[in-house]
Number of protein chains: 2
Amino acid sequence: MPIPIETLQRLTRPVNPTSIDFRSRLERLFNLISRPIMLQLKPQLFQQRMPELTKTAVMIIGGAEDKVHGRQILQTFFKRSGGEDARIAIIPCASREPAIIGDRYREIFTEMGAKQIEILDIRDRDQGNHSDWLNFAEACTGVFMTGGDQLRLCSMLSETCIMDKIRMRAQLGEITLAGTSAGAAVMGEQMIAGGGSGESPNRALVDMTSGLGIIPEIIVDQHFHNRNRMARLMSAIAAYPDKLGIGIDEDTCAMFEADGTFQAIGKGTVTVIDPGEMTYTNQPQVDTTEPLSVHNLRVHVLSHGDRYNLYKRALVAPIR
Amino acid sequence: MPIPIETLQRLTRPVNPTSIDFRSRLERLFNLISRPIMLQLKPQLFQQRMPELTKTAVMIIGGAEDKVHGRQILQTFFKRSGGEDARIAIIPCASREPAIIGDRYREIFTEMGAKQIEILDIRDRDQGNHSDWLNFAEACTGVFMTGGDQLRLCSMLSETCIMDKIRMRAQLGEITLAGTSAGAAVMGEQMIAGGGSGESPNRALVDMTSGLGIIPEIIVDQHFHNRNRMARLMSAIAAYPDKLGIGIDEDTCAMFEADGTFQAIGKGTVTVIDPGEMTYTNQPQVDTTEPLSVHNLRVHVLSHGDRYNLYKRALVAPIR
């Protein structure tokens, strides 16, 4: 069962003492080794498929990305998926109008010149094991998850064969995986299912559930400054201080490379909330609507080109 | 010219190496020593006037404080102003309905049992030097600045004899000074005059001007999480990284003691944005609407009872 040596090296490299990703890495290793679907896996190193300048990535988009003018983020996804060689799977399951939103993205990627586009219009969990779509999940070079409702997306796709394959291929660096809005929210192991705004941070301000675990170490919030979500992401991080909070503005993307470095792309900012040095929170003790104390957060606001490494919990010099 | 020794000690004590308050302290010392109004000052130590348990404070209130039920914050102001011995000056100048709002607070403090209440209903800058009101500013034990428009308040009051007297007496610990909403915004040397929300941090999101300089080291924002103002306070702090950002939610107060320690009181949270360790911002270089980078902010969310020292830039053990 040939797991690429690079992947094993990545998952077993020394742990940064301030990082708490050791357990999640163990889990990922365990999943890699134990999942039955691995038996059918024929790993192909990405370099064999695509030019080096267009490596795969996980692209987490804060919603409302430009679909009309420069299409900077969608163009980047297209290139990272192989450009004119791209075979793109669109997953519109978060939406209540999957046919319409699926077609919208199909048109965009068709205009860009993608080689093949399939809309995985999965309407129930059984279809998540559909062999044609499973084959395309195996053959594609890029996967795009649309907006809608993240709970809908997860209830339809989590622990289906298709999602297991997509997660594994994304984690192995074989495909570029992008998600916008609801499609961004699902990226972590813990997911913000919903919540409120306009209040002080408090436990009732955020509903947490399981996400798809593409990048287990993070909790994503989207439409971030646009919809006043700082307090809810802080409330989420107070509940899961082993995670890193990533708040992504509209038409903005946190693009993760295989080494855990991500770059901010687009019109707005990516906010990082790092509780690694947190000295106190009253979160476990207080009632659900009581205001939270959260002391000693490290916060970064990243604009286009800024880079940050998830595992080092530190900024990385930008490539400008 | 007897400046209390405690005040001099406070202003000349050793500087925390990570703090940048040295210059502002020098400025305060210079002001204390040089202002002509000092010549008329007959400092009286606060202990001579009020019981020890009710020391003076500067109370910065995030707006919409409870005026009906428990009135926790207003009750605290009343007690800190001397309780039944309180002589309270209400400054309604921020409001376009100064008579109405002034009467509202007069009723509240009358019900609580204040000894004397005057509404300094100053309608132009000349009245800011009115001798009757100046005498009451000298005689009062508490000053309350209402909400409204902070620009209106500053244009009417800054550099008037009455405001000079109030600032000095507050800084000397002779009176309790409270401001809510617009009355809170004016507390710093730099003030947020207005701005937007719902955008990524950017220079155009916040309009800065001079405040009344009661606590020069801070930039205050109010109605904080309620009105999605994290991005604008971050934008202000990127422009003035020698200041400390204080975001105060509604019905919440940051109550400053003479030693620079403040305590969060009330229903919501006080957010501290400390750029003391900031490693990078693109603020000076970018166009006004470009998104900002701000790296390595230290952020604290304080709830009721939490305490923080402005000069040490550190949390202080709560008194619970």
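The values are calculated or read from the model by the stated rules, or taken from the named source; none is laboratory data. These numbers were taken from a predicted model, which means no experiment stands behind them. For neighbour counting, all protein chains shown are included, and Cβ atoms are generated from backbone atoms with ideal geometry for every residue, glycine included. Side chains are part of the model used for accessible areas, which takes the heavy atoms of the whole protein and leaves out ligands, DNA and RNA. Shrake-Rupley method; radii C 1.70, N 1.55, O 1.52, S 1.80 Å.
Odds and ends about this structure:
- Residue match in the range A:231-252 (condition: of a type in the set (Lys, Arg) and in contact with a helix residue (DSSP H, G or I) (Cβ under 7 Å, 6 or more places away or on another chain)): yes
- Residues of the range B:287-307 that are within 8 Å of chain A (Cβ to nearest Cβ) and either assigned to a loop (DSSP other than H, G, I, E, B) or open to solvent by 10 Å² or more (accessible area, probe 1.4 Å) (or both): B:290, B:291, B:292, B:293, B:295, B:296, B:298, B:303, B:304, B:306.
- Taking residues in the range B:95-109 that are more than 19 Å from residue B:185 (Cβ to Cβ), and partners anywhere that are assigned to a helix (DSSP H, G or I), the pairs with Cβ atoms closer than 8 Å and at least 6 places apart or on different chains are B:108/B:74; B:109/B:74; B:109/B:78.
- Per-region count, the range B:230-244, residues farther than 17 Å from residue B:280 by Cα and either within 9 Å of another protein chain (Cβ to nearest Cβ) or in a strand (DSSP E or B) (or both): 1
- Any hit, the range A:236-252, residues being modelled with pLDDT of 95 or more, among the polar types (S, T, N, Q) and surrounded by fewer than 18 Cβ atoms within 10 Å (Cβ to Cβ): no
- Selection from the range A:86-97 of residues that are assigned to a strand (DSSP E or B) and open to solvent by less than 10 Å² (accessible area, probe 1.4 Å): A:88, A:89, A:90, A:91
- Residue count for the range B:263-280, restricted to those that are open to solvent by less than 10 Å² (accessible area, probe 1.4 Å), assigned to a loop (DSSP other than H, G, I, E, B) and either under 13 Å from residue B:301 (Cα atoms) or of a type in the set (Ser, Thr, Tyr) (or both): 2
- Tallying residues that are among the polar types (S, T, N, Q), in contact with a Leu (Cβ under 9 Å, 6 or more places away or on another chain) and buried (at least 23 other Cβ atoms within 10 Å of the Cβ) within the range A:156-179 yields 0.
- Options B:230, B:191: the member that is more than 18 Å from residue A:301 (Cβ to Cβ) and open to solvent by less than 10 Å² (accessible area, probe 1.4 Å): B:191
- When B:97, B:159 are screened for being modelled with pLDDT of 95 or more and in contact with a Gly (Cβ under 9 Å, 6 or more places away or on another chain), only B:97 passes.
- Yes/no for residue A:277 being closer than 19 Å to residue A:243 by Cβ and touching a residue at least 60 places away in the same chain (Cβ under 8 Å): yes
- Selection within the range B:103-127 - within 19 Å of residue B:63 (Cα to Cα) and under 19 Å from the mean Cα position of the chain (by Cα): B:105
- Evaluation of residue B:205 against (1) open to solvent by 10 Å² or more (accessible area, probe 1.4 Å); (2) within 14 Å of chain A (Cβ to nearest Cβ); (3) in contact with an Asp or Glu (Cβ under 8 Å, 6 or more places away or on another chain); (4) more than 16 Å from residue B:61 (Cα to Cα) (one fails), failing number: (1)
- 1 or more residues without any contact (Cβ under 8 Å) to a residue 40 or more places away in the chain and not hydroxyl-bearing (Ser, Thr, Tyr): qualifying helices (runs of 4 or more DSSP H) within the range B:138-226: B:161-171, B:182-185
- Filtered residues of the range B:57-78 (kept if open to solvent by less than 10 Å² (accessible area, probe 1.4 Å) and under 14 Å from residue B:105 (Cα atoms)): B:63, B:65, B:73, B:74, B:77
- Residue B:317 vs. criteria open to solvent by 50 Å² or more (accessible area, probe 1.4 Å) and of a type in the set (A, V, I, L, M, F, W, C): yes
- Yes/no for residue B:319 being out of contact with any Cys (no Cβ under 7 Å at 6 or more places or on another chain) and within 27 Å of residue A:276 (Cβ to Cβ): no
- Residue that is surrounded by the most Cβ atoms within 10 Å (Cβ to Cβ) [pool: residues in the range B:111-137 that are in a loop (DSSP other than H, G, I, E, B) and of a type in the set (Lys, Arg)]: B:115
- Extreme residue, modelled with the lowest pLDDT, among residues of the range B:37-75 that are over 23 Å from residue B:216 (Cβ atoms) and of a type in the set (Gly, Ala, Ser): B:70
- Residues of the range A:98-110 satisfying the condition of being over 21 Å from residue A:150 (Cβ atoms) and either touching a helix residue (DSSP H, G or I) at 6+ places or on another chain (Cβ under 8 Å) or open to solvent by 100 Å² or more (accessible area, probe 1.4 Å) (or both): A:107, A:108, A:109
- Looking across B:251, B:259, one residue alone is out of contact with any Ser or Thr (no Cβ under 9 Å at 6 or more places or on another chain), more than 9 Å from chain A (Cβ to nearest Cβ) and under 20 Å from residue A:232 (Cβ atoms). It is B:251.
- Sole exception among (1) under 21 Å from residue B:191 (Cα atoms); (2) within 12 Å of another protein chain (Cβ to nearest Cβ) for residue B:284, by number: (2)
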